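Notes follow once the structure below has been shown.
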């Protein structure tokens, strides 16, 4: 007799049968008025059908010849009664299988208990298998079609990106992310982060090196003494701060910037080449920088026969509107250097400015009042200290509600670790840029505050997250 294997899972019997012998499955339900077990039911089936259908359909002979498989019974007893299922595998033809199935309903006793057996169905195993094949084929076809949609498109980009990732190196003792041609090239391009280097590599520019933070590494300082250096920064406040640091600590020869409110890692090939082509000498950039910081004007009154308030802003005192006291961004300075149209800067002294109108009123310009810095909470001070400690290390710290470090990792390992944030983690501090993808991942965790050097291109900020940058904590 061929073997038949059964697996019980969630109360359902799954049968693994030899497809060369089994064609049909007889499924019947049994209920008895007393407690019975599987051997009692099997014995009743063989005993009460013996000689009933003649020698050709005798169950014992059919089982010995392998035309009937092993009879399986799954039965449970509750409150003095038993209910279950009987399964009989058959390799007989349809007529013989149907006769055999109907004979099961003649059994009225199992041991000493009254019993009732009702045939639920006679299944064609081949049809069941055929349906299973169809369903599985649908799944495989859907998966194949989904893969086909993406396969073949962007192959060049995928291969090129893989090569660029392999090409990026860690240069110098500080292990700054850099292109492979830093040593062989006479000129280098200093950018802000690893993503900027990768973007330039994508366009064939292999002599870029990243600062990775606002603190300029010694490696870049020494490199700037031997190479022609171009500072290529983002067109935002973060770019202003990094460029200011570079001008103070490294020997920069040329300056260029991404368009306003854009980052180098987001630029297209045309934007990158245009920015590098329009770079300006550092001396010209310094000339375009404002010669005085923005001043704060306050309201005063003069004592006269007709006392009236004196307006506090230069524009209110009748000064030309073209005069601006605001410090332009890097991108604005860069554009000014290209067109040689530099906005006029106020040259008013801090001692006194006098202007007479038709009634000889006197206006006094007082010294700039001091800007009071906002007080930071204890936890915000912890954030600032942690961010300062991480400066230049490209690392991430997970803090608890008290500001203590519960986990530390490298920035490059952050994407894999976002899904395994410690349970006691309440805030995340990183020496890098806060991105939209990072916020999307953290919105499903227990992290409530994210602190970084600056914000990237964030189009949608989750309501559950509080975002702080280095500038906001200074």
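Within region 251-271, the set of residues being in contact with a strand residue (DSSP E or B) (Cβ under 9 Å, 6 or more places away or on another chain) and either outside the structural domain of residue 220 (by TED's automatic domain parsing) or surrounded by 21 or more Cβ atoms within 10 Å (Cβ to Cβ) (or both) comprises 255, 256, 257, 258, 263, 264, 265. Residue 54 meets the conditions (1) at pLDDT below 85; (2) under 52 Å from the mean Cα position of the chain (by Cα); (3) under 15 Å from residue 96 (Cα atoms) in every case but one. The failed one is (2).
Take residue 425 and tell me if it is surrounded by 14 or more Cβ atoms within 10 Å (Cβ to Cβ) and on the phi > 0 side of the Ramachandran plot. Outline the logic, then answer.
Numbers: surrounded by 14 or more Cβ atoms within 10 Å (Cβ to Cβ): yes; on the phi > 0 side of the Ramachandran plot: no.
Taking the combined requirement at face value, the residue does not satisfy it.
Considering each of 209, 242 in turn, give the residue that is under 30 Å from residue 429 (Cα atoms) and modelled with pLDDT under 90. Exactly one of 209, 242 is under 30 Å from residue 429 (Cα atoms) and modelled with pLDDT under 90, namely 242. Scanning region 37-63 for residues that are surrounded by 16 or more Cβ atoms within 10 Å (Cβ to Cβ) and outside any helix (DSSP H, G or I) yields 53, 58.
Determine, yes or no, whether residue 438 is in contact with a helix residue (DSSP H, G or I) (Cβ under 8 Å, 6 or more places away or on another chain) and crowded, with 18+ Cβ neighbours inside 10 Å. In short, yes.
A quick yes/no check of all residues on (1) within 25 Å of the chain's Cα centre (by Cα); (2) over 30 Å from residue 200 (Cβ atoms); (3) modelled with pLDDT of 65 or more; (4) exposed (fewer than 10 other Cβ atoms within 10 Å of the Cβ):
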position: 138; (1), (2), (3), (4): no, yes, yes, no
position: 141; (1), (2), (3), (4): no, yes, yes, no
position: 145; (1), (2), (3), (4): no, yes, yes, yes
position: 151; (1), (2), (3), (4): yes, no, no, no
position: 156; (1), (2), (3), (4): yes, no, no, yes
position: 159; (1), (2), (3), (4): yes, no, no, no
position: 163; (1), (2), (3), (4): yes, no, no, no
position: 168; (1), (2), (3), (4): yes, no, yes, no
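The values are calculated or read from the model by the stated rules, or taken from the named source; none is laboratory data. Since we're looking at a predicted model, the values are computed, not measured. So basically every Cβ, Gly included, is an ideal-geometry build from the backbone, and we count neighbours across all protein chains shown.
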